[in-house]
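See below for the structure under consideration.
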Amino acid sequence: MSSGQDDIWQSVRVSSDPEWGLHSTQWVYEVIRSSGIDDSDDRLKFDVTMHGVHPVTFMGTWVYVPYSRESIGCLMTTEHYRALVDHHGAEHIKHCGALHTGLDWVLVDGSTVPQEDLHEGVAAALTSLTHAEHVDRSREGESSECLILLWNPKRWEWPGLEERIEDVARGMPYVETWKIFGPRRIRIGMPFYVMRTGDEPKGIVASGIVVSPPHETEAFDSPGKTQLSVAVQFDAILHPSHDVPLLRDNLSQHSVLSEVFNAPIRRSGYILSKEHNAHLFRLWRDHRTSIRGNADSSPLPLDELESFYSEGALRQLSTNSYERSGKARDAAIRIHGTDCFVCEMNFEDVYGPIGRGFIHVHHRRPISAAGGSYSINPSTDLVPVCPNCHSMMHRRTPPYTVEELRGMMGGKA
């Protein structure tokens, strides 16, 4: 969004006529039904919030909000947004942020643009949402400002977090309302990161995109009072007990990010510059890869997903997968280091700072062969291997051993 639009939500006039706001949302339900969505679907919500704002949301994403007769916000496809601009002029259609690939949130001058002209674009957006399996940040990524949200587990327990982590891992949409301080420059489509505060370990534990403009909701810790919030959709959440966050102490030592993270961030809703986000984006991506393997390609074989120290319990997701633990992985790396046990490659030696700490962790004894739960000794059961050697190990079942693969390379068996 251009600098002239940074405060676009500040300029929105909220309807002083709640009846008009309520009435003007009814056509959206007709559009929803015509899109093949059952209006009893519990993913569809119509919330009367403070100051006459009446958002209609589907799968947690804001679809339509009548701020006033002159200010109407709605989700539509990029194609329909451009068609509206061509027909009515850019002065009457303001772009407020990209959500998913091909979907945009726009602010329409309702006194100039008939609601009927919005129907087709909203219907197309709804159809796209029903087929969306995950958050797509490709249009924002590391090239924009980002939002830092705070989470203190002592103050908010994050209800159903275990289930939410599984949902996000399966590509299911998960949206939460998050408290912020001040709406300046916060916009739909902006990337966000959740930083755990309070007790150690402190650091980044989740990410996603903003899917609503700032708005007032009931305060979670003060019934009867309001707080400024945004709705956010997650694309990654680390497990608070089993995964190590992207530690704030490490971020504070980063040459570019030290000015941001050297001191505690006190208020949720802190905005980082494009330069800061570019570095944080890459560090977060690499950190997730170091815990989960290569998150952007095919998953590791089921045998190789890290288990708990004393548990290898199978759980049911969309397919069977084993519990994964950053604790076991980190213990193995502390013991063995990050040199590949087969070819002795060290990523930092080859790629410099971006390779620091990167390595896969291999189970000498496949978890599936254990037939359920078994105890892991990171010293004897886990070894660091590079992705190439890891893939070669799994060219057969059962996998080749470290010693066998060394022999194939002409090394010591």
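No value in this document is a laboratory result; all are computed from the given coordinates. Since this is a predicted model, take the numbers as computed values, not measurements. Reconstructed Cβ throughout: ideal geometry from the backbone, glycine too, with neighbour counts over all protein chains shown.
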**Asked** Computed over the Cα atoms of region 172-225, what is the ratio Rg over Rh, Rh following Kirkwood?
**Response** 0.98
**Fill in**
Residues whose built amide H sits under 5 Å from the amide H of ALA236, excluding neighbours closer than 5 in sequence, are SER207
**Prompt:** Normalised by the number of residues in region 146-292, what is the relative contact order in percent for Cα pairs under 8 Å and 6+ residues apart?
**Reply:** 28 percent
**Request:** Find, to one decimal place in angstroms, the Kirkwood hydrodynamic radius of region 3-130, where the mean of 1/r is taken over every pair of different Cα atoms and then inverted.
**Result:** 14.6 Å
**Request:** Report the extension gain between ALA169 and ASP117 in nm, rounded to one decimal, defined as 0.36 nm multiplied by the number of residues separating them, less their alpha carbon distance.
**Result:** 15.0 nm
**Prompt:** Within a Cβ distance under 12 Å of HIS23, other residues only, what is the Lys/Arg minus Asp/Glu net charge?
**Reply:** -1
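Please give the net charge around TYR174, taking every other residue with its beta carbon less than 11 angstrom from that of TYR174, where Lys and Arg add +1 and Asp and Glu add -1.
Here the count lands on -3.
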**Asked** With a sphere of radius 11 Å drawn around the Cβ of ARG33, what net charge do the other residues whose Cβ falls strictly inside it have (Lys, Arg +1; Asp, Glu -1)?
**Response** -4
**Item:** Residues with amide H under 5 Å from that of ASN152, placed H, sequence gap 5 or more
**Value:** THR197
**Message:** Using alpha carbons only, how many angstrom separate the centre of region 206-221 from the centre of region 8-72?
**Reply:** 16 Å
**Message:** Going by amide H atoms built from the backbone, whose H comes under 5 Å of the H on VAL361, apart from near neighbours?
**Reply:** VAL385
**Request:** Step through the residues of region 18-24 one at a time and calculate ³J(HN,Hα) from phi using the Karplus curve (6.51 cos²θ - 1.76 cosθ + 1.60, θ = phi - 60°), rounding each to whole Hz and writing x for Gly and Pro.
**Result:** x, 4, 5, x, 5, 5, 6
**Asked** So what are the ³J(HN,Hα) numbers for region 270-278, from phi and the Karplus equation (6.51, -1.76, 1.60; θ = phi - 60°), rounded to whole Hz, Gly and Pro as x?
**Response** 5, 9, 9, 5, 4, 5, 4, 5, 4
**Neighbour-count ranking [beta-carbon atoms within 10 angstrom, fewest first] of TRP156, TRP151** = TRP156, TRP151
